[in-house]
1. Hey, with R₀ at 25 Å, roughly what FRET efficiency would Asp11 and Ser75 work out to, going by the Cβ-Cβ distance, to 0.05?
2. Which of His38, His106 comes first, and how do the rest follow, when ranked by fewest Cβ neighbours within 10 Å?
3. Once you list every other residue whose beta carbon is under 14 Å from the beta carbon of Val43, what net charge do they have if Lys and Arg are +1 and Asp and Glu are -1?
4. Residue-wise, which Karplus ³J(HN,Hα) couplings in Hz belong to region 66-71, taking 6.51 cos²θ - 1.76 cosθ + 1.60, θ = phi - 60°, and x for glycine or proline?
5. Under the Karplus relation 6.51 cos²θ - 1.76 cosθ + 1.60, θ = phi - 60°, what is the ordered set of whole-Hz ³J(HN,Hα) values for region 45-55, x standing for Gly and Pro?
6. Return the calculated 222 nm mean residue ellipticity for the chain, to the nearest 500 deg cm²/dmol, obtained by summing -39500 (n - 2.57) across DSSP H runs with n ≥ 4 and dividing by the residue count.
7. Under 14 Å from the Cβ of Ile97, count the other residues' Cβ atoms, weight Lys and Arg +1, Asp and Glu -1, and hand me the total.
8. Which order do peptides 85-94, 50-59 fall in by mean Cβ count within 10 Å, highest first?
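Derivation of every value follows stated rules applied to the coordinates shown; laboratory data play no part. This is a predicted model, so every value here is computed, not measured. Ideal geometry is used to build each Cβ from the backbone, glycine not excepted, and the neighbour counts take in all protein chains shown.
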Amino acid sequence: MTMSHAVAPEDLAVTSAPYGQTPFLLYSAADGSARVNHVVALVESNPARVIISGFGRGVAGRIANGATLSLLWPSREPAGFSLIADGTGEIDGDQLILAVTGAVLHRPAPVDGNATC
């Protein structure tokens with residue numbers, strides 16, 4: 001039973017479509033603490049990037065310092081796959097442009113401990 005499947009950045013638009021356009025944006029604050037924002041995202045294939053709005057003021061400062069960002073589309077089912085995309089960002093007006101560097105479909109390991117990765 002596989003817990004993760006790589007998703008090519010150029011396939012993210014198709015893969016993310018069933019999850020909707022409101023993932024969570026994850027990043028770390030200047031003090032290293034985790035931060036999460038619920039955002040609106042438009043995923044594009046060529047180039048592989050995500051146009052994000054509603055990301056909040058704290059993100060802009062982290063972008064300037066080269067922060068790696070992650071988007072999380074949670075599973076709609078308890079044992080289903082969540083979609084996670086990583087990348088780097090730049091601010092363009094009131095939008096955040098995330099250049100996707102990698103993505104994965106991931107689900108929790110079975111609670112019975114019989115997982116193979």
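1. Rounded to the nearest 0.05, the efficiency is 0.85.
2. So the ranking, lowest neighbour count to highest, is His38, His106.
3. Overall, the nearby charge balance is -3.
4. Per residue, the Karplus-derived 3J(HN,Hα) values read x, 5, 7, 10, 10, 10 Hz.
5. Here the 3J(HN,Hα) series is 8, 9, x, 6, 8, 10, 8, 10, 10, x, 8 Hz.
6. About -2500 deg cm²/dmol.
7. -3
8. 50-59, 85-94
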